[in-house]
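Reading through the structure tokens given below for one structure.
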Amino acid sequence: MADVLLGGGVDEDTNIVMRVADLQFLLDSTLGRVAGFDHGLTIDENAISALGHSFGAYAIFAWAGTDEGRAMLQSLIALEPYLMRLSAAELERVATSALIVAGDKDATTPAETNIHPVLPQLKKDKTTALLLQNVGHQGCSDVGMYLEIAPTVPGVPDFVLEFMGTMGDDTTGTAGDPWRPVTQAHIELVQTWLANIGDSELIAILAQRHSGRALL
């Protein structure tokens with residue numbers, strides 16, 4: 001969001017390369033493989049999952065297809081993902097269990113272009129894909145909270161409020177609808193997935209409680 005507001009973003013091709021490199025550096029530093037990042041924590045290297053939203057979801061899928069990603073990642077969690085740019089070759093290299101959560105009101109990365117064409121190219125026994133009703137592109141994020149709180153904070157620049165105002169429909173598909181239940185649904189799905197990676201049936205049952213359905 002800061003990149004958009006301040007005009008500091010890079011082109012998409014550069015962003016892709018940088019994101020994957022950033023993810024690998026983050027993992028390496030977390031595991032104490034980078035000088036100066038010995039934090040003394042004990043990390044289970046067999047229980048590493050990567051979560052990404054929108055372009056971040058593209059990044060974790062691209063990362064999962066690298067040699068390092070294939071070796072280290074136990075699962076992927078893609079929320080309202082931007083996946084349409086993934087090539088057939090990239091998708092073929094993804095061997096990691098994946099949870100994909102899409103919203104039927106997502107106007108930024110709609111399921112019609114980012115989910116439905118991609119699912120047939122993913123390994124069916126490794127993929128759990130859900131479509132949630134009345135969920136927009138920011139259904140998993142804290143944008144709903146920003147929209148609620150920002151106008152009450154003294155000194156927030158008008159251009160920030162104006163930009164936030166353009167995102168009113170992005171949480172539920174309808175500006176003003178309660179955002180907490182939508183965000184809570186994502187939290188519960190992610191928590192359940194991490195405790196039961198690959199259990200598509202359990203995840204589908206939970207999705208139904210939140211007016212969702214399985215796509216695969």
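The values are calculated or read from the model by the stated rules, or taken from the named source; none is laboratory data. Predicted, not measured: the structure shown is a model, and the values here were computed from it. Positions of Cβ are generated from backbone atoms using ideal geometry, with glycine treated the same way; all protein chains shown enter the neighbour counts.
A few points about this structure:
- Each residue in segment 49-97 was checked for being over 12 Å from Q24 (Cβ atoms) and of a type in the set (A, V, I, L, M), and 14 of them qualify.
- Leading residue by the ranking (nearest to S54 (Cα to Cα)) among those in segment 141-169 that are surrounded by fewer than 13 Cβ atoms within 10 Å (Cβ to Cβ) and among the small types (G, A, S): G165
- Within segment 111-170, the set of residues being farther than 30 Å from A88 by Cβ and small (G, A, S) comprises G144, A150, G155, G165, G168.
- Meets criteria (of a type in the set (S, T, N, Q), at pLDDT 95 or above and more than 21 Å from I187 (Cα to Cα)) for N134: no
- Entirely in segment 28-127, the strands (runs of 3 or more DSSP E) that have 2 or more residues that are touching a Gly at 6+ places or on another chain (Cβ under 9 Å): 75-79, 97-103
- T127 satisfies every condition listed in (1) surrounded by 24 or more Cβ atoms within 10 Å (Cβ to Cβ); (2) closer than 22 Å to E201 by Cα; (3) touching a helix residue (DSSP H, G or I) at 6+ places or on another chain (Cβ under 9 Å); (4) of a type in the set (V, I, T) except (1).
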